[in-house]
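Data block below; observations after.
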Amino acid sequence: MTERIVIVGGGAGGLELASQLGKNLGKTDKAEILLIDRDSTHVWKPLFHEVASGALDSSLAELDYRGQGARSGFEFVLGTLDSIDRENKRVCLAPITDDGEQILAERHLSYDKLVIAVGSVTNDLGIEGIAEHCFYLDSTTQADHFHQELLNEFLRVNQAIKNGDEQSLDITISGGGATGVELAAELVHSVSLLNVYGLDQLDPEHLNVTLVEATPRLLPGLQKSLAERVHKKLESLGVTVITDNPVVKANDKGLVLKDETQLSANLTVWAAGVRAPEFLSELGLETRKNHQILVNEYLQSTVDSSIYALGDCAACPLDDENFVPPRAQAAHQMADALQRNFIRQHKGKEAKAFEYNDRGSLISLSRYTAVGKLMRSKSLSLSVEGKLAQYAYASLYRMHQQALFGWWKTLLVIAVDKLNHAVKPRLKLH
């Protein structure tokens, strides 16, 4: 009987795993590979800040799951995980509805191996008003929604200035990690391009971007000297950076800080942390307080060896106190380790323990610059900045594409991207 491997979640790790297993096991009928996701298309999550700012058109960056499945040898199933019947090895998918009309009823799919790769969601830390008054950037839909609201503000403020009413566009971002820092820089760049497309009144002088970080400095996971360079560069771009002053409340005006400062804003983005989806703690598996599924060195659930987890939703120990950080590179490495182990098991060989290798961190400040640290080993690192860092940052996305398509097709995709960049507007204005 052919083994069935079911993967829930088509993010970076889940889609890479499905694609690799499909090519190596699915196409040769050694295993049946199923990928389940609630959406029909995939956009690499580290690009969401570019989608939100208009620097990237999500329709050009998205990948259709069914098309990828046909090419790679896996089957795509549209659906949302509702529960797991561990005794009978079945997953239950919630009904799909549209405007109250049921499109698909509840479904049950059997599995031999189940991989949960549902990623992470924004953590509002239980702070009052965050969910009601802030934008999140957890999905393409949310990034596109923010972008549409941003366009509306561009039009409103530009027309007001044209009518003689001096106004500004105030945007506040909470969270001085990679997402918040990169979004701040992309917003400045977007406004600098508006005059090319007829919005000639709104310029960077009318844009006020405020970035708030609760801890004493930006990018706590990055080397202090590099983080300080990012801080200075953002300020040189006109971004107001506030550190060591956490948000205590959000309201219809903006954010309230610990020192009672009210930051008024037209748009407010919350990017101050992530956690695993809450429903993971309701599946009968062992989880942490942040709802991550606890796994062993083989990425298996600690209570069921036929269930695996990878990426942001997996709590994989690094040592007695720390866990593998929720990064795209971790999801990529976990997906690669699992596909190798599943193939090894099909050959009758033993699985190998997963070992996380920190390849460093890179931060992009739009077209202005990039900074980061490349890890050659645990004891040797290389700080990079400028063009070299920008090339290294861009290569991360290309590595994701290579895992999905292989090198030859990735080169074709790069060529198409270059053509789109040459013929399409540099800023999405619709």
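The values are calculated or read from the model by the stated rules, or taken from the named source; none is laboratory data. Since the model is a prediction, treat every value here as computed from it, not as a measurement. Heads up, the Cβs are rebuilt from the backbone with ideal geometry, glycines too, and the neighbour counts pull from every protein chain shown.
The residue list Ala117, Ala94 contains one member that is among the small types (Gly, Ala, Ser) and touching a helix residue (DSSP H, G or I) at 6+ places or on another chain (Cβ under 8 Å), which is Ala117. Restricting attention to the stretch 302-334 and to residues that are hydroxyl-bearing (Ser, Thr, Tyr) and in contact (Cβ under 8 Å) with a residue 24 or more places away in the chain, the residue that is surrounded by the most Cβ atoms within 10 Å (Cβ to Cβ) turns out to be Tyr308. Residue count for the stretch 104-140 under the criterion of being of a type in the set (Ser, Thr, Tyr) and more than 30 Å from Gly284 (Cα to Cα): the result is 0.
The single condition from (1) in contact with a strand residue (DSSP E or B) (Cβ under 6 Å, 6 or more places away or on another chain); (2) farther than 22 Å from Ala185 by Cβ; (3) assigned to a loop (DSSP other than H, G, I, E, B) that Glu260 fails is (1). Kindly provide the set of residues from the stretch 71-124 that are among the polar types (S, T, N, Q) and within 16 Å of Ala18 (Cα to Cα), ordered by number. Of everything in the stretch 71-124, just one residue is among the polar types (S, T, N, Q) and within 16 Å of Ala18 (Cα to Cα), namely Ser72. If the condition is being assigned to a helix (DSSP H, G or I), in contact with an Asp or Glu (Cβ under 9 Å, 6 or more places away or on another chain) and surrounded by fewer than 15 Cβ atoms within 10 Å (Cβ to Cβ), then the stretch 376-420 contributes only Asn420. Remark: pairs (first residue in the stretch 67-86, within 13 Å of Gly14 (Cα to Cα); second residue modelled with pLDDT of 95 or more and among the charged types (D, E, K, R); Cβ separation under 7 Å; 6+ apart in sequence or on different chains) = Gly69/Glu75; Phe76/Arg66.
The residues in the stretch 335-363 that are closer than 25 Å to Gln223 by Cα and crowded, with 17+ Cβ neighbours inside 10 Å can be counted, and the count is 7.
Restricting the stretch 231-282 to residues that are without any contact (Cβ under 8 Å) to a residue 12 or more places away in the chain and among the polar types (S, T, N, Q) leaves a set whose member that is surrounded by the fewest Cβ atoms within 10 Å (Cβ to Cβ) is Ser236. Within the stretch 377-430, the only residue that satisfies the criterion of being touching a Ser or Thr at 6+ places or on another chain (Cβ under 7 Å) and among the acidic types (Asp, Glu) is Glu385. Please enumerate the residues belonging to the stretch 140-179 that are within 25 Å of the chain's Cα centre (by Cα), hydrophobic (A, V, I, L, M, F, W, C) and surrounded by fewer than 19 Cβ atoms within 10 Å (Cβ to Cβ). Correct list: Leu151 only. For the stretch 213-230, the tally of residues that are touching a residue at least 60 places away in the same chain (Cβ under 8 Å) and in a strand (DSSP E or B) stands at 0. Phe146 meets all of the listed conditions (1) among the aromatic types (Phe, Trp, Tyr); (2) in contact with a Phe, Trp or Tyr (Cβ under 7 Å, 6 or more places away or on another chain); (3) outside the structural domain of Asp244 (by TED's automatic domain parsing) but one, namely (3). Taken over the stretch 421-430, the residue count meeting the criterion of being in a helix (DSSP H, G or I) and loosely packed, with under 10 Cβ neighbours inside 10 Å is 2.
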